[in-house]
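All remarks here apply to the structure that follows.
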């Protein structure tokens, strides 16, 4: 569904608009196979109309970039790569396998976007200010500076996670570290590879416009589009707006 006018359209009808964007966010609930099928369809669709495409991955830490490059170049067997995958992510390989195999056969660059888990855990316990200069690197300053809707989302998440003595502000900063770091790595890739469009695979909470795209907006002027699968109770056709996404994938 196109959010701007509520029209129900096909992916083929969406592709001309996606060609105008440097970043295409395709969200997911990690355990939903059909969401990954949608992601692959977008990657394949852009590739087949001649767009130089890359794939950005929440599922991989940036420090694993060399392993992703070796996979794309065919220098690592699937058996070996699966071990690397599980070092980065916990969802079953079978959910993402087709995407990784397609990127490999088509030589599509894959970009690790995430930060080490110990970074976000430390921020959740002691705030962004607890990080050392070495840990921060070139990451922009992070604070719990979000709009009211995103704040409500983070508060709900805070209530659903075991967090011990964690203060809410620190928990909020930890969420923003994820978004900010992934945005920074995307911007860096595009500066070095301006001819590419990047399809970003990340959870709905990171992919909606208030997540990574907002941090992209703060760091750059790259155009983006957001496609999210319908999510009962949060992303529904009657309640979403252009402030959340551009296209809602409806499960028929």
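Overview of results
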item: Relative contact order %, segment 11-249, counting alpha carbon pairs below 8 Å whose residues are six or more apart; result: 32
item: Distance in nm between pseudo-label sites at residue 132 and residue 193 (7 Å out along the Cβ direction from Cα); result: 3.1
item: Contour excess over end-to-end distance, with Cα ends at residue 33 and residue 66 and 0.36 nm allotted per residue; result: 9.2 nm
item: FRET E, pair residue 148, residue 77, Förster distance 35 Å, beta-carbon r, rounded to 0.05; result: 0.10
item: Choice from 45, 159, 233 showing the highest fluctuation, given a GNM over the chain with Cα pairs closer than 10 Å; result: 233
item: Difference of contour (0.36 nm per residue) and Cα-Cα distance, residue 48 to residue 125; result: 23.1 nm
item: Residue with peak Gaussian network fluctuation, the chain [Cα springs, cutoff 10 Å], from 15, 201, 46; result: 15
item: Full-stretch length increase - residue 86, residue 221 - with 0.36 nm per residue and alpha-carbon distance subtracted; result: 45.2 nm
item: Sequence-separation-based contact order of segment 191-252, relative, with Cα cut under 8 Å and 6+ spacing, percent; result: 31
item: Label-zone membership for segment 32-70, site residue 237, 7 angstrom Cα→C-beta point, backbone N under 13 Å; result: none
item: DSSP bridge orientation in the chain - percent antiparallel, rounded to nearest 5; result: 10
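Read the figures in this text as sums done on the coordinates, not as results from a lab. Keep in mind that what you see is a predicted model, and the values were worked out from it rather than measured. Note that we place each Cβ from the backbone using ideal geometry, even for glycine, and neighbour counts take in every protein chain shown.
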